[in-house]
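This report concerns only the one structure given below.
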Amino acid sequence: MSVTSEPVPLPPEPRSAPPRGEAFRVVVALMLREMSTRYGRTPGGYVWAVAEPLGMIIVLGMAFELLANAPSLGTSFLLFKATGFMILQVFTVLGGQVGNALTFSAPLLRYPRVTWVDAIAARFLLNYLVVIVVTVLILWGIVIYDSLRLVPDWGAILLAMGLAAALGLGVGCLNCYLFMRFPVWNQLWRILTQPLFLISGVIFLYEDMPAFAQDIIWYNPLMHLTGLMREGFYPLYRPTYISLGYVALCVMAPMVLGLLLLRRFHRVLLNR
């Protein structure tokens, strides 16, 4: 009598380790793709990235120059508005663009070598580089135009720009989930960010606001960052309300929540 036994399943083949630097090449490829599609096919391309915030700064500067004899700090209305507006620009651009990372790269995420982390990293790096270059060009142009002599505190300036980028990345990670899970949130995000320049220190200093407004606006992390940015440009300005710990909390909370949601549901979102 012969004894039959079920075949023993073979152990799974070990996965080969991805080549060194492959993730870097994927991120660079995604960045090049976005450069060609977003900026290469748009009339004006990168010129529009400079013209849009510059136009807003010029309008604000001219309007307040007609209403007041001097800005709250220094002698240049343009520089005062730009040091606040560009912090807001870094946050809003990254928060929105990173939020659309999976939507933009959805067809490529079908490939096993391209991950949702690569899509977020590529969109963040490209847009951060663009907004940094735009900020440098605008501020440098204002300094030359108004013949200003500055003694900048580069530590405060770089810290403000870095934290604004981190805040945009953190909110962008959460938006990345919300935009795909609830499409209406994309429209709500654009509406909610419109009045931010009124409550983020772009127009008025924190110290010039009434006490009841200060108690509310303090919880806006962008107010802390515009104050830090201006501290770097105006040596005599020393904002005492700034809390870097609170800003770090505002960075980490949406970033951790967004990354956890994306790790758990990114396949569900891409298959909808």
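Nothing in this text is a laboratory measurement; each read-out follows from the coordinates by a stated rule. It should be emphasised that the depicted structure is a prediction, and the values quoted were computed from it without experimental measurement. Please note: Cβ atoms are built from the backbone with ideal geometry, for glycine as well, and neighbour counts cover all protein chains shown.
Leu129 - would you say it is of a type outside the set (Gly, Ala, Ser) and under 11 Å from the mean Cα position of the chain (by Cα)? Talk me through it step by step, then tell me what you get.
Values: of a type outside the set (Gly, Ala, Ser): yes; under 11 Å from the mean Cα position of the chain (by Cα): yes.
Criteria met by Leu129.
Scan the range 228-249 and give yes if some residue there is buried (at least 17 other Cβ atoms within 10 Å of the Cβ), within 20 Å of Ser72 (Cα to Cα) and charged (D, E, K, R), otherwise no. Yes.
For the range 197-222, what are the residues that are over 21 Å from Pro152 (Cβ atoms) and among the aliphatic types (A, V, I, L, M)? Result: Leu198, Ile199, Ile203, Met209, Ala211, Ala213, Ile216, Ile217. If you filter the range 186-204 down to residues that are crowded, with 16+ Cβ neighbours inside 10 Å and farther than 14 Å from Asn220 by Cβ, you find that the one that is farthest from the chain's Cα centre (by Cα) is Asn186. For the range 133-140, the condition of being free of Cβ contacts under 8 Å to residues at least 60 places away in the same chain and surrounded by 14 or more Cβ atoms within 10 Å (Cβ to Cβ) holds for at least one residue. Any residue at all in the range 82-102 that is surrounded by fewer than 17 Cβ atoms within 10 Å (Cβ to Cβ) and either closer than 25 Å to Gln187 by Cβ or touching an Asp or Glu at 6+ places or on another chain (Cβ under 7 Å) (or both)? No, that holds for no residue.
Restricting the range 154-168 to residues that are surrounded by fewer than 17 Cβ atoms within 10 Å (Cβ to Cβ) and over 16 Å from the mean Cα position of the chain (by Cα) leaves a set whose member that is farthest from Leu79 (Cα to Cα) is Gly155. When residues in the range 171-185 are screened for being under 19 Å from the mean Cα position of the chain (by Cα) and in contact (Cβ under 8 Å) with a residue 60 or more places away in the chain, 10 of them pass. For Val114, the conditions (1) surrounded by fewer than 19 Cβ atoms within 10 Å (Cβ to Cβ); (2) not in a helix (DSSP H, G or I) all hold with the exception of (1).
Quickly run through the range 54-79 and pick out the residues that are in a helix (DSSP H, G or I) and touching a residue at least 60 places away in the same chain (Cβ under 8 Å). Once the filter is applied, which keeps residues that are in a helix (DSSP H, G or I) and touching a residue at least 60 places away in the same chain (Cβ under 8 Å), the range 54-79 yields Leu54, Ile57, Leu60, Phe64, Leu78, Leu79.
Just to be sure I understand, how many residues within the range 191-223 are free of Cβ contacts under 8 Å to residues at least 60 places away in the same chain, part of a helix (DSSP H, G or I) and of a type outside the set (D, E, K, R)? Can you show your working first?
Kept after step one, since they are free of Cβ contacts under 8 Å to residues at least 60 places away in the same chain, are these residues of the range 191-223: 191-192, 194-195, 198-199, 206-207, 209-221, 223.
With the extra rule that they be part of a helix (DSSP H, G or I), the set shrinks to 191-192, 198-199, 206-207, 211-217, 221, 223.
Subsequent filtering for residues that are of a type outside the set (D, E, K, R) retains 191-192, 198-199, 206, 211-214, 216-217, 221, 223.
Count: 13.
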